[in-house]
Amino acid sequence: MYYGEIKNCDIANGEGVRVTLFVSGCTNHCKNCFQPQTWDFTYGQPFTEETEDMLLAMLAPDYINGLTLLGGEPFEPENQRALVPFLRRVRAAYPQKTIWGFSGFTYEELLTDGSHPRCEVTDELLSLLDVLVDGRFVEELKDISLRFRGSSNQRLIDLNRTREAGCLCFLPDRGRP
């Protein structure tokens, strides 16, 4: 896996102050994507053990609330396979911090056997996330007033509550389109 950018102290991509990893590779190719350079699976730099160690160190301060995964597309199968072992390390080191993931695929697509993004590690990746912001960016539904998303079709799914309730649960405060 490659990554295009890492941001420390990001406040735009999840609640609180976060470390943000922009992975490379995306087959969605949303019209007017804000990061089209990350569609290329080899854009940026290789995601190595040194990269993981650097991210873990960035997550250490108490004022950091957690990690956010963006792209590109974290749920491209090859990216999922690289992210799962890393997220296991994050959970072991910082169980109190939250992990958010952004995906152009919907939650339902991620759960559907035979869909492009679903692979042998998808369920584990979802189990390691606290929040999933799902759905492709749709230019015609663009709304700059929305929290943590660019178009009104995208949802803020509270995965912890979803797992507990057995049905989709959204973050409060305009969490559902």
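The values are calculated or read from the model by the stated rules, or taken from the named source; none is laboratory data. The shown structure was predicted, so the numbers you read here are calculated from the model rather than taken from an experiment. Note that we place each Cβ from the backbone using ideal geometry, even for glycine, and neighbour counts take in every protein chain shown.
Scan the stretch 76-103 for residues that are closer than 21 Å to Arg161 by Cα and in a loop (DSSP other than H, G, I, E, B) and jot them down. Residues satisfying the conditions are Tyr94, Pro95, Gln96, Lys97. Restricting attention to the stretch 59-105, the residues that are of a type in the set (Ser, Thr, Tyr) and either under 20 Å from Gln35 (Cβ atoms) or touching a helix residue (DSSP H, G or I) at 6+ places or on another chain (Cβ under 6 Å) (or both) add up to 3. A search for C-beta distances below 7 Å between a residue of the stretch 150-174 that is assigned to a loop (DSSP other than H, G, I, E, B) and any residue that is basic (Lys, Arg), counting only pairs 6+ apart in sequence or on different chains, returns Gly150/Lys142; Cys169/Arg161; Asp173/Arg147; Arg174/Arg147.
Among the residues of the stretch 87-112, the one identified as buried (at least 20 other Cβ atoms within 10 Å of the Cβ) and farther than 29 Å from Ser152 by Cα is Val90.
When the stretch 7-27 is filtered for residues that are in contact with a helix residue (DSSP H, G or I) (Cβ under 7 Å, 6 or more places away or on another chain) and surrounded by fewer than 22 Cβ atoms within 10 Å (Cβ to Cβ), only Asn8 remains. The residues in the stretch 47-70 that are within 18 Å of the chain's Cα centre (by Cα) and loosely packed, with under 13 Cβ neighbours inside 10 Å can be counted, and the count is 0.
Taking the stretch 120-147 as the range and being under 20 Å from Gly72 (Cβ atoms), touching a Lys or Arg at 6+ places or on another chain (Cβ under 7 Å) and not in a helix (DSSP H, G or I) as the test, the residues that pass are Val121, Val133, Asp134, Gly135. Within the stretch 36-61, the set of residues being of a type in the set (Ser, Thr, Tyr) and either touching a residue at least 60 places away in the same chain (Cβ under 8 Å) or in contact with a Leu (Cβ under 9 Å, 6 or more places away or on another chain) (or both) comprises Thr38, Thr51.
Taking the criterion of being exposed (fewer than 13 other Cβ atoms within 10 Å of the Cβ), modelled with pLDDT of 95 or more and polar (S, T, N, Q), the only residue of the stretch 28-46 that qualifies is Thr42.
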